[in-house]
Every structure is written in structure tokens, then in C-alpha cells.
Amino acid sequence: MENWIRAKLGLCRGPEWGTTARMIVDAHVHLYPAEVDRDPAAWAAAHGEAHWAMLCTRRRRDGRPVQSLPTLAGLLRAMDDAGIGRAVLLGWYWEKPETCAWQNRFHATCVRAHPDRLAACATLHPAVGPEAVLTELRRAREEGLSGVGELSPHSQGYRCDDPAFEAALQLAGELQFPVNLHVTDPASRRYPGWVETPADDFVQLAHRFPATRFILAHWGGMLPVNDARFATLDNVWYDTAASPLVYAADVWSRVLPALGTGRVLFGSDFPLNLYPRVAVEAEMARFLAEARAGGAGDAVLGANAAKLFRL
Ligand SMILES: [Zn+2]
């Protein structure tokens with residue numbers, strides 16, 4: 001990020017992440033091996049990941065990609081620029097179990113290389129059956145991963161009562177692995193790749209797996225604001241990923257008090273460009289400034305994530 005932007009946003013480079021009390025955590029970050037960035041569309045075609053391609057390889061009218069795919073070094077630089085101490089890497093909700101396993105191995109190398117800056121979740125696909133899903137999750141844990149997600153039964157093409165998915169949720173609870181689920185807002189515009197994610201599914205999952213902690217991404221698609229049942233769910237949290245692409249900046253002051261600051265995790269959806277009208281690529285700092293201006297304090301900006309992911 002340019003220095004003038006940093007100055008404007010009131011940011012400075014510094015070891016702010018040295019202390020846990022004020023450590024800022026971005027709880028929703030995606031990262032891919034460098035090989036994907038060489039030709040993302042060809043990579044996706046070769047691996048049968050059409051849904052990812054639809055969302056992540058789009059191009060603007062001028063030919064530039066809508067979303068860049070930075071390397072690990074690029075992510076760490078973006079975190080440094082924004083004064084973000086830690087990031088939680090979330091896997092993509094791939095359509096193929098082998099792509100899930102491949103990304104989990106990559107996440108393990110990232111966490112091993114930067115245990116002070118990164119935590120990571122395992123992504124899964126139940127198509128391989130309960131036994132193989134549990135083996136993959138246990139392996140991910142041995143390799144240093146500490147959560148599950150981002151999963152999207154509705155995009156990955158399985159039911160919420162799929163036996164392998166249920167087995168994974170059960171084990172996640174036993175391992176104290178939070179489970180991040182992709183949620184869409186029924187009232188949002190229908191962007192490419194939008195899927196319906198019914199509130200009933202999340203309410204039932206939270207009830208059926210009371211020992212499992214769920215993080216419903218993207219403000220839970222505003223389901224918790226519009227559906228009173230969510231207020232009774234003690235094992236559900238929400239992240240703020242991609243917020244500026246769907247909601248105006250006043251979402252923070254409107255929704256934070258309703259959900260409770262103990263229930264919300266700051267997460268950007270990096271490397272998604274959250275401000276395509278004013279920025280060329282993803283800038284965590286701009287979003288962090290929006291969150292702070294909207295009233296997000298230590299709990300939302302880091303303490304909640306630190307507790308859930310045991311950072
Ligand atoms: Zn998502």
C-alpha cells in the first residue's frame with residue numbers, strides 16, 4: 001500500500017501484533033499455491049473446479065482480473081501494511097475432495113513457515129465418505145491446522161445431513177475446531193456463483209452439533225438479524241468477510257449491537273478486492289479502518305478469533 005494511503009488511514013508500520021491483548025486477527029483469508037496464479041482459469045478447468053473459477057477468475061472489461069491471487073509473501077506484506085498480526089487461512093469450498101486435500105497440505109506448509117502469523121483451517125468434501133473425511137481431518141490436525149472451512153454444502157453439492165459431513169462436524173467439536181460455513185443473504189443481489197443457503201439448515205446444524213462451534217461467514221447473510229432463532233444459538237459466531245461488496249459501511253453500527261460484540265469476528269475475505277471502485281487490489285487496511293469507524297473494538301478485531309482458534 002502507498003504511504004499516503006497509510007497516512008490517510010492513520011496507520012503505521014509497527015510490531016502491533018507483539019502483544020496478544022491488541023492483536024488484530026483477520027479470521028477469513030484465502031490463499032493458494034503460486035501454481036494457481038500462472039493461469040487460474042486453466043488450473044480450474046484441469047482440476048474440475050468450475051464454481052471457484054466462476055467466482056475467482058472473472059475479468060473486468062479492461063481485461064484485468066477482478067481478483068488477484070497473491071503469494072504467501074504477498075499476504076504477509078498486506079498484513080504488515082495493515083498492521084494485522086495474524087490471519088486465519090480458510091480453504092475454499094472445492095467441488096473435488098482431492099483439491100481439498102491438496103489445499104490442506106499447502107496450508108500446513110504455510111502454518112509451519114509462519115506459526116506466529118498464520119493459523120489455518122482444513123477444507124473437506126464428504127463425497128469420499130465418512131471414514132476418509134475423518135482421516136483427512138485428523139491428518140490436518142496433526143499437520144498443525146486448527147479449524148474447518150470455509151465449507152459450503154449448498155455450493156459443493158451435498159446435503160447438510162450427509163453422513164460424512166455430519167461425522168466431520170462431530171469430530172470438529174471433539175477437536176475444538178471451529179467450523180466456518182459460507183452463507184448468502186437472501187436479499188443480496190445475485191452475483192455470479194450466488195447460491196441459496198436456507199436459515200433452517202444452519203439452525204438445525206447448530207442444534208444437532210451443540211459441541212461444535214460454527215462461524216457463519218459474511219455476517220451470516222443477515223440471517224441472525226432477521227430470524228429470532230439465531231439469538232438462542234450459543235455455538236454460533238459470525239464473520240464480516242466481503243462486507244463492503246454487499247453492505248454499506250453503516251452495517252457495523254447497525255448489526256454489531258444486534259449480534260453482540262462477543263459473537264463477531266473481523267474477517268476480510270482477502271484477496272477479494274472489497275473496494276473495486278476505489279482500489280486496484282485488496283487492501284486490508286481500508287477495511288480495518290471501516291470496521292474501527294463502525295465501532296469494532298478489541299473483541300471483534302482479534303480477541304474473539306484468538307479465543308475460538310486458540311491462538
Ligand atoms: Zn464465503
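The values are calculated or read from the model by the stated rules, or taken from the named source; none is laboratory data. The shown structure was predicted, so the numbers you read here are calculated from the model rather than taken from an experiment. FYI the Cβ positions are ideal-geometry reconstructions off the backbone, even for glycines, and counts take in every protein chain you see. All accessible areas refer to the heavy atoms of the entire protein, side chains included, with ligands and DNA or RNA removed. Shrake-Rupley method; radii C 1.70, N 1.55, O 1.52, S 1.80 Å.
So if I check each of Ala248, Ala289, Ala217, which one is open to solvent by less than 10 Å² (accessible area, probe 1.4 Å) and not basic (Lys, Arg)? Don't jump to the end; show me each part of the working.
Numbers: Ala248 fails: open to solvent by less than 10 Å² (accessible area, probe 1.4 Å); Ala289 fails: open to solvent by less than 10 Å² (accessible area, probe 1.4 Å).
Among Ala248, Ala289, Ala217, only Ala217 is open to solvent by less than 10 Å² (accessible area, probe 1.4 Å) and not basic (Lys, Arg).
When the stretch 244-285 is examined, which residues are found to be of a type in the set (Gly, Ala, Ser), under 30 Å from Ala228 (Cβ atoms) and touching a strand residue (DSSP E or B) at 6+ places or on another chain (Cβ under 7 Å)? Outline the logic, then answer.
We begin by selecting, within the stretch 244-285, every residue of a type in the set (Gly, Ala, Ser); these are 248-249, 253, 258, 260, 262, 267-268, 279, 282, 285.
Checking the rest, the ones that are also under 30 Å from Ala228 (Cβ atoms) come to 248-249, 253, 258, 260, 262, 267-268.
Selection gives Gly267, Ser268.
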If we only count helices (runs of 4 or more DSSP H) wholly inside the stretch 172-273, which ones have 1 or more residues that are within 12 Å of the ligand (Cβ to nearest atom)? 243-246
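Among the listed residues Ala53, Ala73, identify the single one that is under 28 Å from Arg292 (Cβ atoms) and out of contact with any strand residue (DSSP E or B) (no Cβ under 9 Å at 6 or more places or on another chain). Walk me through it before giving the result.
On the way: Ala53 fails: under 28 Å from Arg292 (Cβ atoms).
When all the criteria are applied, what remains is Ala73.
From Phe287, Phe309, which residue is within 16 Å of the ligand (Cβ to nearest atom) and within 19 Å of the chain's Cα centre (by Cα)? Outline the logic, then answer.
On the way: Phe309 fails: within 16 Å of the ligand (Cβ to nearest atom).
After ruling out the rest, the residue left standing is Phe287.
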For the structure I just gave you, tell me whether Ala206 is at pLDDT 95 or above, within 23 Å of Ala299 (Cα to Cα) and under 19 Å from the mean Cα position of the chain (by Cα). yes
Report yes if Tyr238 is in contact with a Pro (Cβ under 8 Å, 6 or more places away or on another chain), crowded, with 23+ Cβ neighbours inside 10 Å and without any contact (Cβ under 8 Å) to a residue 60 or more places away in the chain, otherwise no. yes
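If you scan the stretch 38-48, which residues turn out to be of a type outside the set (Lys, Arg) and either within 18 Å of Leu272 (Cα to Cα) or exposed (fewer than 15 other Cβ atoms within 10 Å of the Cβ) (or both)?
We begin by selecting, within the stretch 38-48, every residue of a type outside the set (Lys, Arg); these are 39-48.
Listed by number, the residues that qualify are Asp39, Pro40, Ala41, Ala42, Ala44, Ala45, Ala46, Gly48.
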With the first residue restricted to the stretch 118-129 and required to be touching a residue at least 60 places away in the same chain (Cβ under 8 Å), and the second required to be of a type in the set (Gly, Ala, Ser) and surrounded by fewer than 24 Cβ atoms within 10 Å (Cβ to Cβ), Cβ contacts under 7 Å at 6 or more apart or on different chains are Ala119/Ser146
Tally of residues being open to solvent by less than 30 Å² (accessible area, probe 1.4 Å) and of a type in the set (A, V, I, L, M, F, W, C) across the stretch 292-311: 7
